[in-house]
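To keep things clear, I will list the structure first and then write my remarks on it.
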Amino acid sequence: MSEMQEDLEQYLKYYNMERTHQGRNMKGKTPYEVFKKNIPKTKEKKTPNSVA
């Protein structure tokens, strides 16, 4: 079972992070690059003890 898991993880890494996608407006980027680019940026929360 662990060998199957390793194979799956290796495939998913290749599929999402290494191979370029040929879909519309992907422009040769990987799915992960497009996903990461489209995640909304969050503002840093300041705590009362934080130094500016």
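Structural remarks
- Amide H contacts under 5 Å for Thr30: His21, restricted to partners 5 or more places along the chain or on a different chain, H placed in the peptide plane at 1.01 Å from N.
- Estimated vicinal HN-Hα couplings, Hz - segment 9-19 in sequence order (Karplus 6.51, -1.76, 1.60; Gly, Pro = x): 4, 5, 5, 5, 4, 4, 4, 9, 10, 10, 7
- Qualifying lysines (Cα of each under 17 Å from Cα of Lys29; at least 8 residues distant if same chain): Lys13, Lys37
- Sparsely packed loop sites in the chain (the trypsin sites (Lys or Arg not before Pro) outside DSSP H, G, I, E and B with at most 14 other Cβ atoms within 10 Å) comprise Arg19, Arg24, Lys27, Lys41, Lys43, Lys45, Lys46.
- Estimated [θ] at 222 nm from DSSP helical runs (n ≥ 4, -39500 (n - 2.57)) normalised by residues in the chain, nearest 500: -10500 deg cm²/dmol
- Cα-based shape type of the chain, given that a ≥ b ≥ c are square roots of the gyration tensor eigenvalues and the cut on a/c is 1.5: oblate
Rule-based calculations on the coordinates, nothing more; no lab input. All of these numbers come straight from a predicted model, not from anything done at the bench. Note: ideal-geometry Cβ built from the backbone for every residue, glycine included; neighbour counts use all protein chains shown.
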